[in-house]
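Have a look at the structure below before the remarks.
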Amino acid sequence: MSAVIDDHTHTADDHHHGPAKGFMRWVLTTNHKDIGTMYLWFSFAMFLTGGLMAMVIRSELFQPGLQIVDPEFFNQMTTLHGLIMVFGAVMPAFVGLANWMVPMMIGAPDMAMPRMNNWSFWILPFAFFILISSLFMEGGAPNFGWTFYAPLSTTYAPPSVTFFILSVHMMGISSIMGAINIIATILNLRAPGMTMMKMPLFVWTWLITAFLLIAVMPVLAGVVTMMLMDIHFGTSFFNAGGGGDPVLFQHVFWFFGHPEVYIMILPAFGAVSAIIPTFSRKPLFGYTSMVYATASIAFLSFIVWAHHMFTVGMPLTGELFFMYATMLIAVPTGVKVFNWVTTMYRGALTFETPMLFAIAFVILFTIGGFSGLMLAIAPSDFQYHDTYFVVAHFHYVLVPGAIFGIYAGIYYWLPKWTGHMYDELLGKTHFWLSFIGMNLAFFPMHFVGLAGMPRRIPDYALQFANFNMISSVGAFLFGATQLLFLFIVIKTIINGKKASAQVWDGAEGLEWTLPSPPPYHTFSTPPDIK
C-alpha cells in the first residue's frame, strides 16, 4: 500500500487553527489527539488507583490471619479493584489508543462526531468519582465482587449500591457513545482507496470491538436496572422469595461479561499485529485470516457465557454445548498465535521495548488461554470453580493480554505522539521488572488454586502461606515498577531525543507519513491510497 499525502511541513493553517490555550483547551476540545491523550492519562490514573487497592489486598494476604484490614474493607477493595481495572483502566486506555491512532491510520481528519467524542470522555471522570466516593458513604463501598452477583448486590448490599448502579450506567453511556463514534469514523471517513481489506489490523480489531460494545453494554445496563428495581421498587427479578431467580442474574451478567473479556483483548491483538511485523521487518503473515479470526472470536464470545456457571446446575446437554463452544475459541485464537510466530520466523528481529512487550503478550496470553481451556472442561471446572486458579487464569489473560498489549502500543506510538524517543534502557528495565513481577504474582496462584484455596477471602489455611508470600512480593514489584513507567513517559515528553517521522525502520502505515509529533490537524486533505 502506498499513499499520496499532504506536505505536512508547511503548517501555517495548522497554527491558525491550533489548540486553544489554558485549561479550557482540555475541557472543550474536540480534537481526537487531545481526547486520546486525556483518555490515556485518565486510564493510567485509574490503573494506579486500582493497583493501590491490589496492594492492600496482597498486603493482607502476605501471611495467614487478619493483620491490616477487616474482612468488610477487604471485600470493598476486591470489588473496587476489579471494577476500576476493567472499566477505568483497560477500556479507557484502548479508547485512548483508538482516538489517537484510528483517524491517522485511515487518513481521516478527526473522529466522525467530535463533540460526542468530548462527551464520551468527560462522562467517565464523573462516573468514577461517584464509584470511588462510595468508600466514604454509610455502609462503605460495594462489597459484592466485580461480578456483583445477586442477592449479594441486592438484598445484602450496602446503601451505596444505588450510586454504584448510577456509575455503571454512566460508564455504559460513555462506552456506547465512543463505540458509535469509532464505527462511524471507520465506515465513513476512510481515505479514498482505503478499502476494508487494506485497513491496518488495529483498525479492524477496534471496528469489531465497537460492535461488541454496542451489543453488550445495554445488557449490562439492563441487569443493573433490574437490580435497582429489586432494591427500590419491590420487584423480584433476582429474589427467589418473590418468585424470581438469582441464577437469572448470572445468565444476564455473563452474556455481557464474556464478550467484555474480548472487548479488553481484541484491540491488543491489533496493536501486537502492528508491532511484530515492524520489528521482524516482514509483512504480517496471514492478514486475511487474522481479520476472520478476530470476527470469529467476537461471534463465539456470545455463545459461551454459561461456562462461568457450570456449578449452578444445568442440563448435561447445556454443559456439553457451552464446553465445546468455549473450546472452539481456541481455533481462531490459535490462528492468530500461529500467524504472529510465523511473521517472526526468519525475520530480521530486533528487541526494542514494544517488541519485548508484544512477545511477552503472545507467550503469556497463550498460557492464560491454556488455563482457560482447563476451566472450559465442565468436570474440571467443578474442581477449580471459585478457587485461586480462576484468579490466576483471569490475570494471565488480562495483565499480559490487555496491560502488556497497551504498554506495547504506548511504547510503539509514544515517539510519534510526543516527537521524542523514550529511554530504551529504562523501557527495557520497565519491561523486565514488570515481566518478573507479573509472573511472581500470578503463577503461584495456579498451585494454591489447584490445592483448593478459595478466592475473595482475607484469610487462608497455613499450607498456602509460602505461595501467597511469593505472590505478594511479585505484586509489590509489579506495582512499584509502574511508577517507573510514569517517570519514563514524563522524561520522554520533557527531554527525550528528537524522533524522526518514520521512528521505526520497518513501520508501515499512514501514521508514519506524518511528522513526529503530528500537526494538530492532520489529513485535512485525504491522502490517496494506491
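The values are calculated or read from the model by the stated rules, or taken from the named source; none is laboratory data. These numbers were taken from a predicted model, which means no experiment stands behind them. Cβ coordinates were reconstructed from backbone atoms using ideal geometry, including for glycine residues, and neighbour counts include every protein chain displayed. Surface accessibility is based on the protein's heavy atoms, side chains included, excluding ligands, DNA and RNA. Shrake-Rupley method; radii C 1.70, N 1.55, O 1.52, S 1.80 Å.
I need the phi-derived Karplus couplings for the range 399-410: 6.51 cos²θ - 1.76 cosθ + 1.60, θ = phi - 60°, integer Hz, Gly and Pro marked x.
With the stated coefficients, the range 399-410 comes to 6, x, x, 8, 5, 5, x, 5, 4, 4, x, 5 Hz.
Summing +1 for each Lys or Arg and -1 for each Asp or Glu, what net charge is found among the other residues whose Cβ lies under 15 Å from the Cβ of Phe485?
Taking every other residue near Phe485 into account, the sum is 0.
In what sequence, highest mean first, do 351-360, 65-74 appear when ranked by Cβ atoms within 10 angstrom? Write down the numbers at each step before the final one.
On the way: 351-360: 23.1, 65-74: 13.7.
In descending order of packing, they fall as 351-360, 65-74.
Summarise the accessible area of the range 274-342 (1.4 Å probe, protein heavy atoms) by the percent that is carbon and sulfur.
On the way: 2340 of 2930 Å².
The value for the range 274-342 is 80 percent carbon and sulfur by accessible area.
For the range 360-507, what ratio Rg/Rh do Cα atoms give with a Kirkwood hydrodynamic radius?
On the way: Rg = 18.6 Å, Rh = 17.0 Å.
Over the Cα atoms of the range 360-507, Rg/Rh equals 1.09.
Roughly what angle does helix 388-398 make with the longest principal axis of the chain, taking Cα atoms, 0 to 90 degrees, to the nearest 10?
The helix 388-398 is inclined about 10 degrees to the chain.
If you average the alpha carbon positions of the range 159-217 and of the range 309-332, how far apart do those two centres end up, in angstrom?
Spelled out, the Cα-based centre of one part sits 28 Å from the other.
Which value does Rg/Rh take for the range 146-232 over its C-alpha atoms, Rh per Kirkwood? Before the final figure, lay out each step's value.
On the way: Rg = 17.7 Å, Rh = 15.0 Å.
Taking Rh as the inverse mean 1/r over Cα pairs, Rg/Rh reads 1.19.
Grab every C-alpha pair in the chain, bin the distances at 20 angstrom width from 0 up to the longest one, and report whole percents.
Bin by bin from 0 Å, the calculated values are 22, 57, 20, 1.
Largest first, what is the accessible-area ranking of Val102, Val503 with a 1.4 Å probe?
Numbers: Val102 0, Val503 25 Å².
Listed by decreasing accessible area, they come as Val503, Val102.
Shape verdict for the range 9-164, please, from the Cα gyration tensor: rounded (a/c under 1.5), prolate (a/b greater than b/c) or oblate.
Details: a/c = 2.96, a/b = 2.44, b/c = 1.21.
Note, shape of the range 9-164 comes out prolate.
Let me have the 222 nm mean residue ellipticity of the chain computed from DSSP H runs of 4+ only, each contributing -39500 (n - 2.57), with the sum over all residues rounded to the nearest 500. All intermediate terms of the calculation are to be shown ahead of the outcome.
Details: 19 runs with 337 residues, N = 530.
Computed mean residue ellipticity for the chain: -21500 deg cm²/dmol.
Name the residue from Ala150, Thr278, Val448 whose Cα lies farthest towards the positive end of the charge dipole of the chain, charges +1 on Cβ of Lys and Arg and -1 on Cβ of Asp and Glu.
Thr278
Could you state the accessible area per residue of the range 456-516 in Å², with a 1.4 Å probe and every protein chain left in place?
Values: 3070 Å² over 61 residues.
Dividing the accessible area of the range 456-516 by its residue count gives 50 Å².
How tilted is helix 201-232 with respect to the longest principal axis of the chain? Cα atoms for both, answer in degrees (0 to 90, nearest 10).
30 degrees
Pop out the ³J(HN,Hα) list for the range 489-502 in order, Karplus 6.51 cos²θ - 1.76 cosθ + 1.60 with θ = phi - 60°, rounded to Hz; leave Gly and Pro as x.
Whole-Hz 3J(HN,Hα) from phi for the range 489-502: 5, 5, 4, 4, 5, 7, 9, x, 5, 4, 9, 7, 5, 6.
Please report, as a whole percent, how much of the solvent-accessible surface of the range 122-237 comes from carbon and sulfur atoms (probe radius 1.4 Å). Walk me through the intermediate numbers first.
Values: 3300 of 4350 Å².
Answer for the range 122-237: carbon and sulfur cover 76 percent of the accessible area.
Pairs on different chains or at least eight residues apart, Cα atoms closer than 30 Å: how many lysine pairs in the range 387-530 fit?
Values: Lys416/Lys428; Lys416/Lys491; Lys416/Lys497; Lys416/Lys498; Lys416/Lys530; Lys428/Lys491; Lys428/Lys497; Lys428/Lys498.
Close lysine pairs under the 30 Å cut-off: 8.
Given H placed 1.01 Å from N in the peptide plane, which residues other than close sequence neighbours of His420 have an amide H under 5 Å from its amide H?
Residues meeting the amide H criterion: Ala499.
I need the P(r) histogram for the range 344-421: all alpha carbon pairs, bin width 10 Å from 0 out to the longest distance, whole percents.
In order of increasing distance, the bins hold 18, 35, 25, 15, 6, 0 percent.
Tell me the per residue accessible area of the range 162-267 using a 1.4 Å probe; a whole number in Å² is fine. Working shown, then result.
Numbers: 3560 Å² over 106 residues.
For the range 162-267, the per-residue accessible area is 34 Å².
Mind checking the dipole of the range 30-512: about its Cα centre, +1 per Lys or Arg Cβ, -1 per Asp or Glu Cβ, Debye to the nearest 20?
1300 debye
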